[in-house]
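The values are calculated or read from the model by the stated rules, or taken from the named source; none is laboratory data. A quick note: this is a predicted structure, and the numbers were derived from the prediction, not measured. Cβ atoms come from the backbone with ideal geometry, glycine included; neighbour counts cover every protein chain shown. Surface accessibility is based on the protein's heavy atoms, side chains included, excluding ligands, DNA and RNA. Shrake-Rupley method; radii C 1.70, N 1.55, O 1.52, S 1.80 Å.
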Amino acid sequence: MKMSYAGCSQRGLVRSTNEDAYLMRSSGHAALFLVADGIGGRAHGGLVSAMLRDGYDAWFRRHILLPGENLDFQAAVGGLRGVLLEQNKEVIRRFGPGTAGSTIVLLFILGNRYLYFWSGDSRIYRGHRLSVKQITIDDVYENWTDRPAKWEPSKVGKLVGAVGICPVPKITLGTGALCRGDRFFLCSDGVYRYLSDRDLRMRLRFSPKDPGQLIADLAGRVEGHGAGDNYSMIFARVDSV
């Protein structure tokens with residue numbers, strides 16, 4: 001497998017600190033990408049996103065980079081989910097339930113298969129040929145509450161899933177078969193809230209050969225629209241399987 005990828009994490013034009021974190025790792029047959037967005041308005045959001053980044057970096061080094069490791073896909077799924085559960089437990093132990101938190105989206109590739117999962121409202125888009133689809137569903141009140149007529153307006157847009165906000169975090173997983181030319185875009189809400197859906201999908205559909213060029217272009221457009229939040233993104237393209 002061969003991949004091209006690039007990413008960035010910036011504080012934006014309004015916030016004084018960056019509470020996002022991101023991770024990009026690849027080695028031969030495997031790759032791992034992560035975006036975590038510390039929840040604004042709660043203490044220690046940046047620490048939680050950094051804990052997630054560092055926990056998955058350690059997992060990748062231990063299970064992918066160490067000589068002699070021969071991890072299969074199902075074992076990887078269990079291991080990656082386990083890291084999230086342990087990190088959630090540690091966040092609650094250190095800061096208390098509901099006090100500190102972070103969203104997360106993660107993409108893991110092993111051979112010709114990929115796993116993705118999320119908790120919160122950061123997103124993953126998959127581009128396949130000329131199709132670009134959001135493959136995550138934002139964990140916000142209106143997406144997980146039946147009977148729209150009964151919605152409480154004050155709760156619309158509120159997170160119902162993220163790391164650190166409850167003892168058992170909401171985690172949604174998906175898997176798929178990898179194809180040559182597949183593109184994946186991971187981002188925090190500081191990206192998609194400052195770009196129109198049409199503009200973002202168009203740029204992902206006709207992405208340039210150099211992933212760094214796309215990242216720079218999207219960052220410029222986010223900042224051109226005010227960049228009122230931290231923003232993080234990763235673009236990864238599968239060049240061969």
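Using Cα springs under 10 Å in a Gaussian network model of the chain, which residue among VAL191, VAL156, VAL83 shows the largest mean-square fluctuation?
Among VAL191, VAL156, VAL83, the largest GNM mean-square fluctuation belongs to VAL156.
In vacuum, with every alpha carbon of segment 118-174 counted as one equal point scatterer, what does the Debye formula give for log10 I(q)/I(0) at q = 0.27 Å⁻¹? Two decimals, please.
Reported log10 I(q)/I(0), two decimals: -1.07.
What fraction of the Cα pairs in segment 38-118, stated in percent, has a spacing above 14 angstrom?
Numbers: 2095 of 3240 pairs.
Beyond 14 Å sits 65 percent of the P(r) for segment 38-118.
Tell me which of ILE92, ALA76, TYR116 sits at the most positive position along the dipole axis of segment 46-122, charges placed on C-beta atoms (Lys, Arg +1; Asp, Glu -1).
ILE92
Largest first, how would TYR125, TYR141 line up by accessible area (1.4 Å probe)?
Output order, biggest surface exposure first: TYR141, TYR125.
Full extension from GLN74 to THR175: what is 0.36 nm times the residue separation minus their Cα-Cα distance, to one decimal in nm?
35.3 nm
Working from the alpha-carbon coordinates of segment 199-241, get Rg over Rh, Rh being the Kirkwood radius.
Rg divided by Rh gives 1.01.
Using alpha carbons only, how many angstrom separate the centre of segment 180-241 from the centre of segment 66-102?
Rounded to whole Å, the Cα centres lie 27 Å apart.
Over segment 69-184, with a single point scatterer placed on each C-alpha, what log10 of the ratio I(q)/I(0) does the Debye formula yield at q = 0.14, 0.21 1/Å?
Each listed q maps to, in turn, -0.69, -1.15.
Mind checking the dipole of segment 72-181: about its Cα centre, +1 per Lys or Arg Cβ, -1 per Asp or Glu Cβ, Debye to the nearest 20?
220
Note down the magnitude of the dipole of the chain about its Cα centre, charges +1 on Lys and Arg C-beta and -1 on Asp and Glu C-beta and zero elsewhere, to the nearest 20 debye.
I would put it at about 380 debye.
What is the magnitude of the charge dipole of segment 148-219 about its Cα centre, with +1 placed on the Cβ of each Lys and Arg, -1 on the Cβ of each Asp and Glu, and no other charges, expressed in debye to the nearest 20? Don't jump to the answer; show the numbers that get you there.
On the way: 12 positive and 7 negative charges, 40 e Å.
That gives segment 148-219 a dipole magnitude of about 180 debye.
Quick one: Debye curve from the alpha-carbon atoms of the chain only, equal weights, vacuum; give me log10 I(q)/I(0) at q = 0.11, 0.12, 0.13, 0.14 Å⁻¹ to two decimals.
-0.55, -0.66, -0.77, -0.90
Would you rank LYS89, LYS209, LYS155 by solvent-accessible area, highest first, keeping every protein chain in place and using a 1.4 Å probe? Intermediate values should be presented prior to the final figure.
Working: LYS89 125, LYS209 175, LYS155 85 Å².
Reading off the accessible areas and sorting them downward yields LYS209, LYS89, LYS155.
On the principal axes of its Cα set, how long, how wide and how thick is segment 130-241? Give whole Å, largest value first.
46, 37, 28
Starting from the Cα of LYS209, draw a straight line to each of the aspartates and glutamates and keep only those under 19 Å, dropping any in the same chain fewer than 8 residues away.
Counting by Cα, and skipping residues close in sequence, LYS209 has these aspartates and glutamates nearby: ASP182, ASP199, ASP217, ASP239.
What is the chain's relative contact order, in percent, from Cα pairs under 8 angstrom and six or more apart in sequence?
Value for the chain: 29 percent.
Just the C-alpha atoms of segment 95-144: what Rg/Rh do they give, with Rh taken as the Kirkwood radius? Don't skip to the end; give the middle numbers.
On the way: Rg = 13.9 Å, Rh = 12.9 Å.
Reported Rg/Rh, Kirkwood definition of Rh: 1.08.
Given 10 °C and 1.306 mPa s, how large is the Stokes-Einstein diffusion coefficient of segment 159-225 in µm²/s, with Rh as the Kirkwood radius over Cα pairs?
110
Probe radius 1.4 Å, ligands and nucleic acids ignored: give me the carbon and sulfur share of the accessible area of the chain as a rounded percent.
C and S fraction of accessible area: 49 percent.
7 Å from Cα along Cα→Cβ at both ARG93 and ALA216: what's the point-to-point distance in nm?
4.4
Which listed residue (MET233, PRO169, GLY38) has the Cα farthest towards the positive end of the charge dipole for the chain, taking +1 on Lys and Arg C-beta and -1 on Asp and Glu C-beta about the Cα centre?
Farthest towards the positive pole: MET233.
So what does GLU152 come to for accessible area, using a 1.4 Å probe and Å² rounded to 10?
80
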